[in-house]
Amino acid sequence: MAELRLSKVRKTYGSTEVIKGVDLDVNKGEFVVFVGPSGCGKSTLLRMIAGLENITEGELWIGDELCNDIHPGDRGIAMVFQSYALYPHMTVSDNIAFNLKISGYSKEEREQKVQNAARILQIEHLLKRKPSQLSGGQRQRVAIGRAIVREPQVFLFDEPLSNLDAALRVEMRMELSALHRTLGATMIYVTHDQVEAMTLADKIVVLDAGIVQQVGEPIDLYQRPANLFVAGFIGSPKMNFFPVTVVARSAGHVDVEGVTIERVSVPTDPSGIEIGDQMTLGIRPQDLDYSPQGPVKGTIEMTERLGSETILNCKTEDGTSLLAVLGRDEKFEHGAQARFEFEPAQAILFNHEGTARYPDQALPD
Amino acid sequence: MSDIVGKKSGLVWATHLSVLALVIIWLIPTVGLFVSSFRDRDQISETGWWRSFLPVEQGLRGRASVDDVIVQGDTFVLTGSLFDDEEVLASVGEERPPITAFGNAGRNPGQFVAGEVADLGDGESLLVNPDGTYEYRLAEDPGNRGPRIYFFASTPPVFSFANYRTVLTADNMDRAFINTLTVTIPTTIIPILMAAFAAYALAWMDFRGRGFMIACIVGLLVVPLQLALVPALQMHNAVGIGQSFLGIWLAHTAFGLPLAVYLLRNYMIGLPRDIIESAKVDGATDFEVFLKIVLPLSFPALASFAIFQFLWTWNDLLVAKVFLPSAEEAKVMTVKIADDLLGSRGGDWGILATAAFVSIGVPLLVFFSLQRYLVRGLLAGSVK
């Protein structure tokens, strides 16, 4: 049963539509990550779930309750803000107990719940301090503690780790993941960091321009992106795209060639694809391998030798750049012509609308 | 944070110097007022307060006594002591300050040095000794009124609490002090209470016409108070409040509200949005957000407005004159000082200085007790 359901949710500011009809089911205990570039509406969507923004159109269900017009405090949600948003004039324990106090819990209950949350987050020694006396990581823990004590149906996180330094971010990411397992709670998490998204999520929702581009498990999104946007957004470094023309088609295969790529036969369902169609071929940098006879051509502009791998930055004939990640250390001359080969089954063909074409056509749409 | 390692800007010195200059500029009149408040009226009119620790040359006048005139040929000789003269006695009392100079004409009262015989022409001469004894030789019979003698006596500096006694024990001054507090305390608290609610709504609650209301309040800031005095008083009379303390509370509250709302609203809108939203997600209603989050965090703004409003109502004369009854028992200190002390003793600088000093005492106390709330870093630790 869905713990949280968005149905044709829209948001407009005046004449600008920022959320253009989102449908989403979040199951109980699921860790859902909203990911997308800045301005894609992911934070707005989260704030609509929290009740901090009105829902212009559509329905928001949390549990069995239609929550469109319910006060944020009564929705059974708890939110952790990017800026922590601690109450600066209260001690840590008062911060954590703020909601409990408002909800009318007795002093003993409050203390017991605060102690409990503090133990989970290992901040018991900080309870008497003011937020100004805490480090960034500790503040983040307090903010999470404030959410935990409420025992909400759904946790909402708005880029909670983006203010932390890199090392702390990795640590807190693991702790969040552990916390999710411990509490077994439903969590919705907004980030622009795809590593966070890939590592934390049970389900990723990729948003762009207020539209859900794809929903799925992290590895599905990586291996079978639904369109050009998702293919380009998920995975690092970014996927290479080559404009190609269809030159031949047969059962289960389409032959394409382009300016920078010699004729290759890509396994896909050829239905609806005509000879002469303009398409885009996507190949991940990790799938390209250096080979003097390979079909992909480029001029090496820069190499990054990281020891375990070598990243080749090439310029193609039509001026676009091309990235290849070799899983070994190797020295290359700058300005040299290079050719790359790849396994055609790893490449993804996109039609002129940007939709991916797979051999089995089992597309989530 | 302010000083980048090892490098101290020359601006720091400029800042310190200008602060010092400001402190001195501010202190000089205050010290002057303070010193003057202990001085004697006559001494204040002779020398400035910065010379208050030096003896004062006080100009006096008396008449030569005609009680025992000795006639020597054509001349009439008058002798005696100036300090026996009634007029002199009235100003210096039993004291006998040394006389430094004298003269026989009011336009040049210190023409001659004490102890030397002054030739006045026409066979007349005058000698005044420092101890006050004199010998006046006249060519004509003085009749029954002796001629004038003007002189300067060097009086030592006098400091006393006499002025304070006068000011504090003036008729009903204690009553006036209580009246002033009766006006200032409610007129400081009422606008803050009202303005804080309004400011929160204007800053953080979404409703139609909010922008228009803010614009109106900014507009009200520039309405001169004088414009509203008569209509407001007429309205008070019409509804039966008339001239009363309730009336002046309402008047001061109304005149103070636009600034209060404007100041507080601008401060509150600067609080981090996330804190307020977080409190809402935590289940707080607008009232709880206001009471438990916004109000405690707005203390610096509340304190600065409280100081402004208190000082303004404490020093106010105009509104008090208009909205309070003119009866003696309703006079506030400013009215009391202006009417009673200045009206009857306009030239009495000692009283003026003392009254001024007494009336800045309380505002200073208020300022120093509230200034600890004017702190920076109140929001530290709340948001990154």
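Shape index of the protein assembly as shown: Rg/Rh, with Rg the Cα radius of gyration and Rh the Kirkwood radius from the inverse mean 1/r over Cα pairs, equals 1.28. Mean residue ellipticity, 222 nm, helices only, chain B: the sum of -39500 (n - 2.57) across DSSP H runs of n ≥ 4, divided by residue count and rounded to 500, is -16000 deg cm²/dmol. Checking the table A:K8/A:K101; A:K130/B:K280; A:K8/B:K292 against a 26 Å threshold on Cα-Cα, which pairs fail? Going by Cα-Cα distance, A:K8/A:K101; A:K8/B:K292 fall outside the 26 Å limit. Could you tell me how many degrees, from 0 to 90 and to the nearest 10, lie between the Cα long axis of helix B:349-370 and the main elongation axis, the longest principal axis, of the Cα atoms of chain B? The angle comes out near 20 degrees.
Computed from phi, the 3J(HN,Hα) profile of the stretch A:22-34 under the Karplus parametrisation 6.51, -1.76, 1.60 (θ = phi - 60°) reads 10, 10, 7, 10, 10, 7, 4, x, 7, 9, 9, 10, 8 Hz, with x in place of Gly and Pro.
Qualifying trypsin sites (Lys or Arg not before Pro) in the stretch B:44-125, where qualification requires a DSSP coil assignment and no more than 16 other C-beta atoms within 10 Å, comprise B:R107. Each helix, a run of at least 4 DSSP H residues, gives -39500 (n - 2.57); summed and divided by the residues of chain A, these come to -7000 deg cm²/dmol at 222 nm. Per-residue Karplus couplings for the stretch A:326-341, computed as 6.51 cos²θ - 1.76 cosθ + 1.60 with θ equal to phi - 60°, are listed in order as 9, x, 8, 8, 8, 9, 10, 7, 6, x, 6, 6, 10, 10, 10, 10 Hz, Gly and Pro entered as x.
From most to least packed by mean Cβ count within 10 Å, the peptides B:232-243, B:16-27 give B:232-243, B:16-27. When you filter the chymotrypsin sites (Phe, Trp or Tyr not before Pro) in the stretch B:69-166 for DSSP loop state and at most 15 other Cβ atoms inside 10 Å of their Cβ, you are left with B:F161.
Proximity of backbone amide H atoms, modeled 1.01 Å from N, is registered between A:V80 and A:L156, A:F157, A:D158 at under 5 Å, excluding neighbours fewer than 5 places apart on the same chain.
For the peptides B:359-365, B:286-292, residues were scored by their other Cβ atoms within 10 Å and the scores averaged per peptide; the highest-first order is B:286-292, B:359-365.
Computed across the stretch B:56-155, the Kirkwood radius stands at 13.3 Å (inverse of mean 1/r, all Cα pairs). Across peptide A:155-164, the average count of Cβ atoms from other chains found within 10 Å of a residue's Cβ is 1. Under a 5 Å amide H cut-off, with hydrogens placed 1.01 Å from N, A:L4 pairs with A:V26, A:G63 among residues at least 5 apart or on other chains. Each of A:V254, B:V77 has some number of other Cβ atoms within 10 Å of its Cβ, and from fewest to most they run B:V77, A:V254.
Of all DSSP beta bridges confined to chain A, the antiparallel ones make up roughly 75%. The alpha carbon centroids of the stretch B:76-125 and the stretch B:38-73 are separated by 10 Å. Look at the stretch A:73-81: the mean tally of other chain Cβ atoms within 10 Å of its residues' Cβ atoms is 4.
For the stretch A:252-325, trypsin sites (Lys or Arg not before Pro) meeting the loop criterion (DSSP other than H, G, I, E, B) and having at most 14 other Cβ atoms within 10 Å: A:R263. Each of B:F357, B:F255 was scored by other Cβ atoms within 10 Å of its Cβ. Arranged with the fewest first, they read B:F357, B:F255.
Put simply, the amide H of A:E53, placed in the peptide plane, has neighbours under 5 Å in A:M48, leaving out anything fewer than 5 places away on its chain. As a proxy for reagent exposure, A:Y189, B:Y267 were ordered by neighbouring Cβ count within 10 angstrom, fewest first; the result is B:Y267, A:Y189.
Residue-wise HN-Hα couplings along the stretch B:232-245, as the Karplus relation 6.51 cos²θ - 1.76 cosθ + 1.60 with θ = phi - 60° gives them from phi, are 5, 5, 4, 5, 4, 5, 5, 8, x, 7, x, 8, 7, 5 Hz; Gly and Pro carry x.
Positive-end ranking of A:T12, A:A324, A:Y290 along the dipole of chain A, with charges on Cβ about the Cα centre, is headed by A:T12. Remark: mean inter-chain Cβ contacts per residue of A:86-95 equal 5, using a 10 Å Cβ-Cβ cutoff to other protein chain atoms. For the stretch A:1-42, a/c is not less than 1.5, where a ≥ b ≥ c are the root eigenvalues of the C-alpha gyration tensor, and a/b does not top b/c. That puts it in the oblate class.
Laboratory data are not the source of any read-out in this text; all were calculated from the coordinates shown. Every value quoted in this text rests on a predicted model; they were computed, and no experiment measured them. Cβ sites come from the backbone with ideal geometry, for glycine too, and all protein chains shown count toward neighbours.
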